[in-house]
Each structure stands twice: as C-alpha cells, then as structure tokens.
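Every read-out reported here was derived from the displayed coordinates using simple, explicitly stated rules and does not represent laboratory data. Not measured: the values here are computed from a predicted model. Neighbour counts are summed over all protein chains in view; Cβ atoms, including those assigned to glycine, are modelled from backbone coordinates with ideal geometry.
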Number of protein chains: 2
Amino acid sequence: MPAQAKVAKVEASTSQPASPPLTERQEARRRRILHASAQLASRGGFDAVQMREVAESSQVALGTLYRYFPSKIHLLVATMQDQLEHMHGTLRKKPPQGETAAERVAETLMRAFRALQREPHLADAMVRALTFADRSVSPEVDQVSRQTTVIILDAMGLENPTPEQLSAVRVIEHTWHSALITWLSGRASIAQVKIDIETVCRLIDLTDPTATGKPS
Amino acid sequence: MPAQAKVAKVEASTSQPASPPLTERQEARRRRILHASAQLASRGGFDAVQMREVAESSQVALGTLYRYFPSKIHLLVATMQDQLEHMHGTLRKKPPQGETAAERVAETLMRAFRALQREPHLADAMVRALTFADRSVSPEVDQVSRQTTVIILDAMGLENPTPEQLSAVRVIEHTWHSALITWLSGRASIAQVKIDIETVCRLIDLTDPTATGKPS
DNA sequence: ATCAAGTCTGAAACTTGTTCTAGATTAGCG
DNA sequence: CGCTAATCTAGAACAAGTTTCAGACTTGAT
C-alpha cells in the first residue's frame with residue numbers, strides 16, 4: 001500500500017471554502033480514508049463500504065473517520081468528488097470530436113459511462129450515495145453537481161451559456177444520474193442508456209441560440 | 001441477500017403476476033401496513049418509517065411485516081405504487097388542457113408535483129426509496145416506472161408511440177425523478193423544477209412524427 | 001521546554017434494519 | 001369436526017451506522 005502522501009499545501013484544485021487548513025498528517029489521513037473507501041466500494045459496492053472496515057483499512061479510529069466524514073454518505077460523496085476530479089482531468093486531455101455540441105456532450109458522457117463500467121461496484125456506491133443524500137449533504141452534492149456541469153459545458157465549448165442552455169444542462173444531468181441508476185439496478189441495458197443520453201443531448205441543439213431551428 | 005419467503009405480491013388493478021391470492025384478513029393486513037407506512041412517512045419522511053413502528057401501527061408482528069414486504073425499501077416502493085394508482089385515477093378525471101403533447105405532459109407532471117408538495121415528507125420517503133432500491137427490488141421499481149410511463153403516454157394522447165418517443169418518455173421520467181430529488185434535498189427551487197420539466201418536455205415535439213419541426 | 005487546546009485512539013453503547021425461533025392461530029380439506 | 005400445513009405472534013438476537021467517553025498524543029504559542 002502506498003501510504004505516502006506528499007501533498008502540497010492548499011486545498012483541492014477546484015474552489016473550495018476549506019475551513020481550517022489541514023496539517024500534513026491530516027491530509028494524509030484523509031487520503032488514506034478516501035482510498036480505502038474507493039477500494040472497498042470497487043470490491044462490493046455500497047454495502048461493502050462498512051465504516052469499521054474503512055477505519056481499519058485506513059488505519060484510523062472509527063471516531064476519527066467520523067470526524068473527517070460525518071456519515072457514510074458524506075464519505076461516498078467525497079469519494080465521488082475525488083473520482084470526478086480525476087475524470088475531468090482525463091477527459092480534458094482528449095476533447096470530444098463531434099461536430100455539434102450535442103454530439104460532443106453525448107460522446108463525453110458515454111466516455112464517462114464507459115469509465116464507470118470498468119468499476120461498476122464503485123459506480124454503484126457513489127451514485128447510490130449521491131441520490132440518497134439528504135439535506136445534510138447538500139453542499140457536497142451540489143459541489144459534485146457543479147463539477148458535472150463544468151464537464152458538460154466544457155464539452156459544449158461554451159463560455160456564456162444562456163439560462164435556457166443551463167436548464168438543458170440540468171436536464172442532461174438529471175438524465176445522466178437517473179439513467180445510471182436504472183443501469184446499475186439492472187433495469188436498463190447499456191444500449192438503452194446510450195440512446196437516452198443521445199436523446200436528451202438533442203435538447204442542446206434545441207436551445208442553441210446560434211442555430212435557427214435545425215431540422216433533424 | 002438470502003431468504004425469500006413465498007410471499008404474496010398482490011395484484012394491483014394493473015397487470016401483475018400475483019402469486020397466491022390473499023385471504024381477506026391478509027388483504028386487510030396489507031392495507032393496514034401500507035396505510036401505516038404512508039402515515040409515518042407523511043410525518044417525518046424516510047427516517048420516520050421505522051419497521052418496528054410500522055409493525056406496531058398496523059397491529060402486525062415484525063416478522064409478519066417482513067413476510068409481506070421483505071425490506072423497508074420494498075415497503076416504501078409498494079407505498080409509492082399505491083399512491084401512484086391513486087394519482088393516476090385523479091389525473092384521469094381532469095385531462096390536461098394544453099394544445100401540444102409537450103404542454104399536456106408538462107401540465108400533468110406539474111399537477112403531480114403539486115400533489116407531492118402537499119406531502120413533502122411522504123414524497124421524500126417514496127422517492128428516496130425508489131432511487132436507492134437495488135436489484136432485489138427491480139420488479140417493483142419497474143412496475144412503478146411502467147405506471148409512470150402510462151400516465152405520461154396518457155397525457156400525450158398516444159396509442160402507438162414510436163421507439164423515439166418511448167426514449168423521450170424515458171428521459172422525461174429520468175428528469176422527473178432526479179428533479180424531484182434535487183427539490184427534496186433543497187438544492188433546487190420549485191420554480192427550477194418547473195423550468196426543467198418544461199424544458200425536457202420539449203423533447204416530445206422533437207420526436208413527434210406528425211409535426212415537421214415546429215420552431216418555438 | 002512547557003502548557004492548554006485540540007486531535008486521535010480504542011472500546012463500549014446505542015439505534016434501527018433484518019433474521020431467527022418457539023409456540024399459538026388460522027385456513028383448507030377430508 | 002379433526003387434522004395438517006401455512007401463517008402469525010412475541011421476543012430475542014444479530015449487523016452495521018452512529019455516538020460517546022476516558023485517556024494518550026500533537027500542535028501551536030509562550
């Protein structure tokens with residue numbers, strides 16, 4: 001186990017309030033916890049992430065784990081934030097090829113989807129936590145949502161989205177989450193998820209102010 | 001998860017396999033349970049639906065409760081089925097007024113949304129259960145999904161939807177569920193939910209084979 | 001180096017979903 | 001009616017998330 005965290009100071013690359021700055025050892029603990037969480041999740045999904053096991057795996061007392069992440073849901077949402085950052089970096093490297101914004105967004109989401117397919121259990125744990133989260137986790141869930149929005153807007157290649165476009169993006173995110181859930185719970189095939197994503201992405205063209213009603 | 005009793009599954013008015021027919025007392029027990037579930041949920045949402053309390057409220061032993069509904073999630077999803085049937089009946093009575101299919105669907109969903117607003121805690125419990133459900137609840141969740149589809153197709157006034165239209169309907173359902181969640185967890189306003197629903201409903205016009213690209 | 005405040009640890013306790021058991025009731029049938 | 005299998009009941013027991021607590025360890029400032 002690589003238990004080495006060098007950790008520059010500073011908080012995550014994305015804007016975060018960051019309450020009290022963490023010491024180096026604390027940052028290391030935090031990383032160990034997130035790593036253990038992702039690892040256990042990869043093995044057996046949501047249920048396999050047991051707080052006692054996470055604590056043991058990351059060599060931290062149970063109470064400490066709860067000091068860092070006030071609930072299992074918080075922990076998994078944080079794990080998702082972590083993975084999303086990763087993915088955003090990866091996606092940035094090879095921008096999508098599509099002609100239209102709709103195609104590029106669909107391509108990006110399908111790429112993300114394929115990444116999730118490689119670790120379906122991990123995906124299960126993260127997505128279930130995300131949708132199960134109650135108000136007490138709103139800030140964290142919102143952060144995930146913002147990050148997703150950024151990824152989609154990136155794929156669209158937009159600087160100044162109109163309110164209409166933002167609504168379309170929200171709808172795309174809704175579809176993305178919900179389609180993921182139906183796939184994870186075995187109620188929809190991969191092909192169906194693909195179709196749904198492509199379908200919803202058509203909304204983008206519909207709200208594109210530069211194109212004047214392009215018939216399909 | 002092991003163990004499955006050969007329990008009863010009831011036949012809702014809508015098509016269902018329905019294992020063994022229930023006796024009258026059993027049917028009554030089942031109703032008491034669902035009633036208690038909805039009542040507790042209305043009070044305090046998902047967390048307030050505690051299996052021991054449901055059992056007590058419905059005058060049934062805990063073991064019996066589990067024989068009827070193999071988990072809390074099953075119970076809440078069944079509660080949702082129940083409420084949905086109710087709502088479908090109500091909606092049928094006053095069909096939506098809109099000119100276009102998109103308008104009628106949006107109107108119908110907003111009407112449903114307002115009904116949920118009247119019992120936000122109940123909505124919370126049902127929707128959280130629905131999205132948290134794992135594979136073991138797939139049949140039941142699927143049933144809810146089918147029922148929702150029927151409601152939407154009803155509003156569209158369609159007999160023979162094309163595959164494209166079915167996909168649009170699925171996307172609308174995705175948006176509906178997910179928007180509901182963001183509202184329930186306080187991350188989106190009612191106004192925003194309305195906008196998102198109206199936005200996604202535009203997909204319907206986009207897939208309407210009888211209209212040839214009506215610009216808004 | 002020292003002290004106060006804040007953190008971390010290990011362990012036990014508490015909560016609520018779920019399972020199990022032994023005995024009472026009920027339903028269907030001859 | 002009387003029997004047998006299925007169902008129901010009360011209650012204990014178990015599992016995993018969460019809380020709590022006393023004591024050991026770190027940290028930051030003096």
Checklist entry - Over all Cα pairs of segment B:76-206, how is the pair count split among 5 Å bins, expressed in % and running from 0 up to the last occupied bin? => result 2, 10, 21, 24, 22, 14, 5, 1, 0
Next on the checklist: Distances in nm, one decimal, shortest first, from A:P163 to the same residue in every other copy, taking the label point 7 angstrom along Cα→Cβ.
Outcome noted: 3.9
Next on the checklist: If you split all Cα-Cα distances of the protein assembly as shown into 20 Å bins from zero, what percentages do you get per bin, shortest first?
Outcome noted: 24, 55, 20, 1
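About the Cα centre, and with charges only on the beta carbon of Lys, Arg (+1) and Asp, Glu (-1), how big is the dipole of the protein assembly as shown? Nearest 20 debye, please.
Working: 52 positive and 48 negative charges, 252 e Å.
So the dipole magnitude of the protein assembly as shown works out to roughly 1200 debye.
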Checklist entry - Any idea what the relative contact order of chain B is, in percent, if you count C-alpha pairs under 8 Å spaced at least 6 apart? => result 20
Next on the checklist: Treating the point 7 Å from Cα along Cα-beta-carbon as the label, what are the nm separations from A:G63 to the other copies, to one decimal?
Outcome noted: 4.0
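Rounded to the nearest 0.05, what FRET efficiency do B:Q59 and B:K93 give with R0 = 45 Å and r taken as the Cβ-Cβ distance? Could you check?
Working: r = 34 Å, r/R0 = 0.75.
Calculated value: 0.85.
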Checklist entry - Any idea what the A:R135 label distances to the other copies are, label 7 Å down the Cα→Cβ vector, nm, shortest first? => result 3.6
Checklist outcome for this item: Expected max-MSF residue from A:L116, A:L180, A:L75 in the GNM of chain A (alpha carbon, under 10 Å) is A:L116
Item to check | Shielding by other protein chains, B:172-184, mean Cβ within 10 Å | outcome: 6
Checklist entry - So how far apart, in nm, are the two label points at B:K194 and A:R52 if each is 7 Å from Cα heading toward Cβ? => result 5.1
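Indicate the gyration tensor shape class of segment A:22-127 (rounded, prolate or oblate), computed on the Cα atoms with a ≥ b ≥ c the square roots of the eigenvalues: a/c under 1.5 is rounded; otherwise a/b larger than b/c is prolate and the rest oblate.
Values: a/c = 3.20, a/b = 2.05, b/c = 1.56.
The shape class here is prolate.
Under 25 Å between C-alpha atoms is the cut-off here; go through chain A and count lysine pairs that meet it, provided they're at least eight residues apart or on different chains. Walk me through the numbers on the way to the answer.
Working: A:K6/A:K93; A:K93/A:K194; A:K94/A:K194; A:K194/A:K214.
Lysine pairs, 8 or more places apart or on different chains, close enough: 4.
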Checklist entry - To the nearest Å, what is the center-to-center distance of segment A:40-102 and segment B:90-108, using C-alpha atoms only? => result 41
